[in-house]
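Please read the structure below before turning to the comments.
The values are calculated or read from the model by the stated rules, or taken from the named source; none is laboratory data. All of these numbers come straight from a predicted model, not from anything done at the bench. Cβ: placed from backbone, ideal geometry, glycine included. Neighbour counts: every protein chain shown.
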Amino acid sequence: MIKVIDLKKNFIQSDGSSLEVLKGVNEEIKKGEVVTVIGPSGGGKSTFLRCLNLLEEPTSGEVIFEGVNIADKGIDIDLHRQKMGMVFQQFNVFPHLTVKENITLAPVLLGKMTEEEADKKAMQLLERVGLKDKADEHPNKLSGGQKQRLAIVRALAMDPDVMLFDEPTSALDPEMVGEILDIIKQLIADGMTCVIVTHEMGFAKEVSDRVLFMDQGVIAESGTPEEVFNNPKNPRTKEFLSKVLY
Amino acid sequence: MEFFANIVEILSKYWKVFLITGVSKTLILSIITVTCGAILGLLICLGRISKIKPLKWVLTALVAVIRGTPMLLQLYVFYFLVPKVLPFKVSEFFSIVVGLSINSACYVSEVFRSGIESVDHGQMEAGRCLGLSKRQTMQKIIIPQAIKTILPALGNEFIMIVNDTSLASTFFVGEVMTSYLIVKGITYLTFECLTIVAAIYFVLTLILTKLLGILEKRLKEND
Ligand SMILES: Nc1ncnc2c1ncn2[C@@H]1O[C@H](COP(=O)(O)OP(=O)(O)OP(=O)(O)O)[C@@H](O)[C@H]1O
Ligand SMILES: [Mg+2]
C-alpha cells in the first residue's frame, strides 16, 4: 500500500547548516498491516511518518502510495491525502468548530458527502467513541482523551485507506491512554492499515504485525514483535529496549 | 474665565468651519483610508505569505520602509510623487488619500500577518492532512481563528488613523486640523482653538472606541 524507496530528508537548521534526519529509508507497508515505529527521541520517527503523507517534503527518494509516487512534484497531493488519515500527538482539533463540524467539514467541503450524509456519518462515528452527547459542544469543553477521540473520528470520516498515528497517547494523562489505545485496537480489528509511532511498548508488542526500530535516521531493525522485543539482533535495539522496558 | 468665554465665542461663530471643513472631512478621509488600507493590507499580507518569492521580497521591503520612516515624510513624498506618476490630473486630497492608505495598508498587513501566525501551526497541518488545499484550510480553519486576534487590533488601527489624518493639514486638504489653522488664522486665539480641536479628536476617538467595543462584544457572544 505504501512503499518507501531510499527516502532521505535533510532539515536546514536556523544557522544555515543541513541536518540529515532520514538517511535512506526503504520500507513497504502492506494493506491491512499494522506497523509500529519505536526508537529513541530524535531518531527520525515523526519525520518518517510525516514524509508518508508529504507533510514533510522528502529531500530525495520515493513514496509510492497505491501505485503513485506522491513525492513527485507534479502530483496533486491533496487528492491522495484524502485516503491517508493522520492523528497527532497534540490532537489539533479545530477549536472554532463544534465537535460535529470538526468531522463534517472536510467530507462536505471536498464533495465526498452531502451535508446530511456527513451529519449521519459523524453521529455514527461519535456514537462509536462515546462522544454522541458532545456533538454540538466546542472542543474546549472536552478532555484530552475526548479531543484525541474526536481527532481520530475526524480522520475516519474521510474513509481513509491507511491511518498514521504520531504518538497518539503521549500528550494524555495516564488514565486516558487506555481509552485511546482501545479505539486504535478496534480500528485494527476492523482491518484498518495503521502506521503508529509510539512509546507504549506493551501496546506495540500486542497489536503490531511488524515493529520498526528507528535510530539515527535509518530503520535499524525490523521484524515481528517477537523478533524485535524478545530477540533483538541490533545492539542499539537491545540498548533502547533495556532502557524503556525496565 | 476669559478662556472659556473665548471658546464659546469661537464655537458660535465658526462651528461650521470645524464641522464641515473639519469633522466631516476627517471622517471621510478616515473611512476611505481604513477601507483602502484594509483591502490593500489584506492583499499585501496574502502576497507576503504566498510562494512567489519576488513579490514577497518587494512587499516585505515596502512594509519595512513604510514602518521605518515618519508618516509626514511619506505624505510629502506622495504629495509630490502621485501627480507626477499618474497620467491624469489628481487633486491634492487624492494624493494624500493614497499616501494615508498605503501607510495604513502596511500596518494592517502586519496586523493580519500576526493574526494568522497566532494560529497554531498544527491547525494548518491538520487541515492539509484531511486533504484540504492550502486555500481551503486558510479560509475555513486559519482565518476564522485569526479573526479573533485581528479585529481588536484592526479597531486600534482605525482609531490611530483618525488621529493620523491630522498630518494631512500640512497640505491644507481640509480636515479637523485644517479647520484649526483657518480659525486660528482669523482669531489669533491659538490656545482656545487647540483646545477645541483636541476635544473634537478626543470625542471622535471615544465614540469609535465605544462602537468597536460593542462590535467586539457582539462577536464574542456569537461564539
Ligand atoms: N522542522 C524541523 N527543522 C529542523 N530540524 C527538525 C525539524 N523537525 C525535526 N527536526 C530534527 O530532526 C530530528 C528527528 O526528529 P523527529 O521528530 O523525526 O524525531 P522523533 O524520532 O520523532 O523523536 P521523538 O521521539 O522525540 O518525537 C531531530 O533532531 C529534530 O531536532
Ligand atoms: Mg516524534
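Report whether or not B:F4 is closer than 15 Å to B:L167 by Cβ and either β-branched (V, I, T) or part of a helix (DSSP H, G or I) (or both).
Criteria not met by B:F4.
Report yes if A:L79 is closer than 25 Å to A:R149 by Cα and in contact with a helix residue (DSSP H, G or I) (Cβ under 9 Å, 6 or more places away or on another chain), otherwise no.
Against the criterion (closer than 25 Å to A:R149 by Cα and in contact with a helix residue (DSSP H, G or I) (Cβ under 9 Å, 6 or more places away or on another chain)), A:L79 does not qualify.
Show the residue pairs that are 6+ apart or on different chains and have beta-carbon atoms under 6 Å apart, the first residue being within region A:36-51 and at positive phi, the second being assigned to a helix (DSSP H, G or I).
Partner pairs satisfying both residue conditions: A:G39/A:K45.
Scan region A:59-76 for residues that are crowded, with 20+ Cβ neighbours inside 10 Å and either within 12 Å of another protein chain (Cβ to nearest Cβ) or in contact with a His (Cβ under 7 Å, 6 or more places away or on another chain) (or both) and jot them down.
Correct list: A:F65, A:I70.
Mind listing whichever residues of region B:173-217 are without any contact (Cβ under 8 Å) to a residue 12 or more places away in the chain and assigned to a loop (DSSP other than H, G, I, E, B)?
B:Y188
On the given criteria, is A:V21 at pLDDT 95 or above, within 16 Å of ligand 2 (Cβ to nearest atom) and crowded, with 21+ Cβ neighbours inside 10 Å?
Considered against the rule, which asks whether it is at pLDDT 95 or above, within 16 Å of ligand 2 (Cβ to nearest atom) and crowded, with 21+ Cβ neighbours inside 10 Å, A:V21 comes out as no.
Of the residues A:I188, A:I196, A:I219, which single one is among the β-branched types (V, I, T) and away from ligand 1 (no atom under 16 Å from the Cβ)?
Checking each option against the conditions leaves just A:I188.
Under 7 Å by Cβ, and 6 or more places apart or on different chains, what pairs join a residue from region A:9-35 that is under 16 Å from A:P58 (Cβ atoms) with one that is within 15 Å of ligand 1 (Cβ to nearest atom) and acidic (D, E)?
Close Cβ pairs satisfying both conditions: A:K9/A:E56; A:N10/A:E20.
Any idea which of B:I159, B:I147 is under 14 Å from the mean Cα position of the chain (by Cα) and either surrounded by fewer than 18 Cβ atoms within 10 Å (Cβ to Cβ) or touching a residue at least 40 places away in the same chain (Cβ under 8 Å) (or both)?
B:I159 is the lone residue from the list that is under 14 Å from the mean Cα position of the chain (by Cα) and either surrounded by fewer than 18 Cβ atoms within 10 Å (Cβ to Cβ) or touching a residue at least 40 places away in the same chain (Cβ under 8 Å) (or both).
Restricting attention to region A:102-120, which residues are within 14 Å of chain B (Cβ to nearest Cβ) and closer than 11 Å to A:A157 by Cα?
Across region A:102-120, the qualifying residues are A:N102, A:I103, A:T104, A:L105, A:A106, A:P107, A:V108, A:K112, A:M113, A:A118.
Examine region A:176-195 for a residue that is of a type outside the set (D, E), within 20 Å of A:S242 (Cα to Cα), under 15 Å from the mean Cα position of the chain (by Cα) and within 16 Å of ligand 2 (Cβ to nearest atom), and state whether such a residue exists.
no
As an exercise: evaluate A:F11 against (1) within 16 Å of ligand 2 (Cβ to nearest atom); (2) of a type in the set (A, V, I, L, M, F, W, C); (3) in a loop (DSSP other than H, G, I, E, B) and give the number of the one condition it does not meet.
(3)
May I ask you to list the residues in region A:38-58 that are more than 14 Å from chain B (Cβ to nearest Cβ), within 8 Å of ligand 1 (Cβ to nearest atom) and surrounded by 13 or more Cβ atoms within 10 Å (Cβ to Cβ)?
A:G39, A:P40, A:G43, A:G44, A:K45, A:F48
Any chance you could count how many residues in region A:67-103 are out of contact with any Asp or Glu (no Cβ under 6 Å at 6 or more places or on another chain), farther than 22 Å from A:M113 by Cα and more than 16 Å from ligand 2 (Cβ to nearest atom)?
8
Tell me, please, whether a residue that is farther than 17 Å from B:S24 by Cβ and charged (D, E, K, R) can be found in region B:171-181.
No, every residue in region B:171-181 fails to be farther than 17 Å from B:S24 by Cβ and charged (D, E, K, R).
Taking the criterion of being more than 30 Å from B:F112 (Cα to Cα) and among the acidic types (D, E), would at least one residue in region B:150-169 satisfy it?
No; the residues of region B:150-169 include none that is more than 30 Å from B:F112 (Cα to Cα) and among the acidic types (D, E).
Could you tell me how many of the residues in region A:24-66 are of a type outside the set (S, T, Y), assigned to a strand (DSSP E or B) and within 16 Å of ligand 2 (Cβ to nearest atom)?
Summing the residues that are of a type outside the set (S, T, Y), assigned to a strand (DSSP E or B) and within 16 Å of ligand 2 (Cβ to nearest atom) in region A:24-66 gives 4.
What's the number of the only condition in (1) within 16 Å of B:Y188 (Cα to Cα); (2) exposed (fewer than 14 other Cβ atoms within 10 Å of the Cβ) that B:I20 fails to meet?
Condition not satisfied by B:I20: (1).
From B:S118, B:S91, which residue is exposed (fewer than 15 other Cβ atoms within 10 Å of the Cβ), within 13 Å of another protein chain (Cβ to nearest Cβ) and farther than 30 Å from A:L79 by Cβ?
B:S118
Quick check, is A:H96 part of a helix (DSSP H, G or I) and either closer than 30 Å to A:D173 by Cβ or facing another protein chain (nearest Cβ under 9 Å) (or both)?
no
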